[in-house]
Amino acid sequence: MNMKVETLPNYRIAYVRHVGPYGPGNIQAMEKLKKWAKEKHLLNKSAILLGIPQDNPETTLPEKCRYDACIVISNDYQIDSSIYEGELPGGTYVICKIKHTAEAIQHAWVEIFPTLQNSGYQIDNKPIFERYTGDMINNEYCELCVPVKPL
């Protein structure tokens, strides 16, 4: 797996939340976010989209799982009441670029944790997320971003 370590800044985000089983509802949330962002002229080549599963489906009932479809916004952007606002903490992340398919994502989850331990890192207590930048949005790639700290 192609992995690199990056220090990410804090991201101010606008987001749409889906509550329920992960899957088609996540896609609907992302489409709703993209529609909003396009109307606000935020969906351009420099846009950063994020998909944040807030809960572990192995420990949270499917109907209680939360997924946030997000776009990074500038600190001075005035947000309206049609969307939520939040912040994603920065720090050290392991970034893995993968094909955005269910199989590739599932394979990455199986591979990433043993690989992290062998590289001297452990997962930090921050959200894991998918990041889409530039051409990735249209070319079906994403980056899995896993917060880490040294062992």
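The values are calculated or read from the model by the stated rules, or taken from the named source; none is laboratory data. Since the model is a prediction, treat every value here as computed from it, not as a measurement. A quick note on method: Cβ atoms are made from the backbone with ideal geometry, for glycine too, and the neighbour counts reach across all protein chains shown. All accessible areas refer to the heavy atoms of the entire protein, side chains included, with ligands and DNA or RNA removed. Shrake-Rupley method; radii C 1.70, N 1.55, O 1.52, S 1.80 Å.
Remarks
- The modelled label-to-label distance between residue 151 and residue 44, using points 7 Å beyond Cα along the C-beta direction, is 4.5 nm.
- Set of region 3-22 residues, backbone N closer than 12 Å to the point 7 Å along the Cα-Cβ line of residue 119: 3-7
- Surface accessible to a 1.4 Å probe, per residue, for the residues of the chain, Å²: 58 Å²
- Sum of -39500 (n - 2.57) over DSSP H runs of 4+, divided by residues of the chain (222 nm, nearest 500): -7500 deg cm²/dmol
- Dipole of region 29-151, positive direction: furthest Cα of 100, 65, 125, with charges on the beta-carbon: 100
- For region 110-133 and region 55-103, distance of Cα centres in Å: 15 Å
- Structural descriptor for the chain: relative contact order 32 percent, calculated from alpha carbon pairs under 8 angstrom and at least 6 residues apart.
- The phi-based Karplus calculation (6.51 cos²θ - 1.76 cosθ + 1.60; θ = phi - 60°) puts the 3J(HN,Hα) values of region 141-151 at 10, 8, 10, 7, 10, 10, x, 9, 9, x, 5 Hz, whole numbers, x for Gly and Pro.
- Shape of region 1-84, Cα gyration tensor, a/c cut at 1.5: oblate
- Most fluctuating residue given options 77, 93, 15, as computed from a GNM of the chain linking Cα atoms under 10 Å: 77
- Region 75-127: C-alpha gyration tensor shape, a/c 1.5 cut-off, then a/b vs b/c: oblate
- Student exercise, region 18-151 dipole from Lys, Arg, Asp, Glu Cβ charges, in Debye to nearest 20: 180 debye
- Highest-fluctuation residue, 90, 23, 51 considered, GNM on the chain with Cα pairs under 10 Å: 23
- Residues residue 31 and residue 75, FRET efficiency given R0 of 35 Å [Cβ-Cβ distance, rounded to 0.05]: 0.85
- Taking the protein heavy atoms of region 14-55 in the context of the full set of protein chains, the accessible area attributed to carbon and sulfur is 56 percent at 1.4 Å.
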